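Structure first, then comments.
The values are calculated or read from the model by the stated rules, or taken from the named source; none is laboratory data. Since the model is a prediction, treat every value here as computed from it, not as a measurement. Cβ: placed from backbone, ideal geometry, glycine included. Neighbour counts: every protein chain shown.
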Amino acid sequence: MTYKEQFIGLYKKNITREGSAKLLDWLQSTDFFTTPASSKYHCACECGLVMHSISVYKTMMEKHFDAKTDNAESFAICGLLHDLCKIKFYKISTKNVKNEVTGQWEQKPYYSVDDAFPYGHGEKSVYLIERFIRLRPDEAIAIRWHMGGFDDSAKSNGFAIGRAYYKYPLAVKLHLADLESTYIREKNTSAVDK
């Protein structure tokens, strides 16, 4: 089963909110299923973003889902859709690299950032999702702050991230799942040199 098929199966099974079919149709009209998840770190490869999205969702469910207190649809929305900001974000470029064996310069492909809509990381994902489905406050906060301290605005935004994590456990769970997926489960998944 391809990553695209896995994602669509998980999405259709777990996300049934009004507008969800239109959101899925839109995703299929974009580069979501083929673009990388990063320029050179985790899942910097074709289909990397969908690989990462599935990994984050599965990590959230395995490590943090409590059937008594958590909402399965919220976990699916957050895990599968938290990085929509990376749609139309990367492009394939080339750089000159010296071949150590031949001594010749060769062009090697790499992913560069070409953000057509620089709206912020989590903010952009929330904006794109809400064009189709209405997010609950905890879902919007979780997606907004899923980068944790890696989000540039966290460094200059006072205690907003701490208040978000204190008030909304879903935000903490998404952040932890994103960290584990990125740094542990997706280690060595990049097709480009660092």
Is one or more of the residues making up region 146-159 among the charged types (D, E, K, R), loosely packed, with under 15 Cβ neighbours inside 10 Å, within 18 Å of the chain's Cα centre (by Cα) and assigned to a helix (DSSP H, G or I)?
-> yes
Only one residue in VAL113, VAL101 is aliphatic (A, V, I, L, M), more than 17 Å from the chain's Cα centre (by Cα), at negative phi and at pLDDT 90 or above. Which one?
-> VAL101
Given the residues LYS58, LYS4, which is the only one that is basic (Lys, Arg) and over 14 Å from ALA76 (Cβ atoms)?
-> LYS4
Report the residue count in region 49-73 for those that are assigned to a helix (DSSP H, G or I) and charged (D, E, K, R).
-> 4
Do you know which residues across region 75-98 are more than 22 Å from the chain's Cα centre (by Cα) and of a type in the set (A, V, I, L, M)?
-> VAL97
So which of ILE184, ILE129 is at pLDDT 90 or above, under 19 Å from PHE33 (Cα atoms) and not aromatic (Phe, Trp, Tyr)?
-> ILE129
Only residues that are of a type outside the set (Phe, Trp, Tyr) and out of contact with any Asp or Glu (no Cβ under 7 Å at 6 or more places or on another chain): list them for region 111-128, please.
-> SER112, VAL113, ASP114, ASP115, ALA116, PRO118, GLY120, GLU123, LYS124, VAL126, LEU128
Would you mind stating whether THR35 is assigned to a loop (DSSP other than H, G, I, E, B) and either of a type in the set (A, V, I, L, M, F, W, C) or at pLDDT 95 or above (or both)?
-> yes
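Residues checked against (1) surrounded by fewer than 11 Cβ atoms within 10 Å (Cβ to Cβ); (2) part of a loop (DSSP other than H, G, I, E, B); (3) without any contact (Cβ under 8 Å) to a residue 24 or more places away in the chain; (4) not polar (S, T, N, Q):
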| site | (1), (2), (3), (4) |
| --- | --- |
| PRO118 | yes, yes, yes, yes |
| VAL126 | no, no, yes, yes |
| ILE129 | no, no, no, yes |
| ALA142 | no, no, no, yes |
| GLY162 | no, no, yes, yes |
| GLU180 | no, no, no, yes |
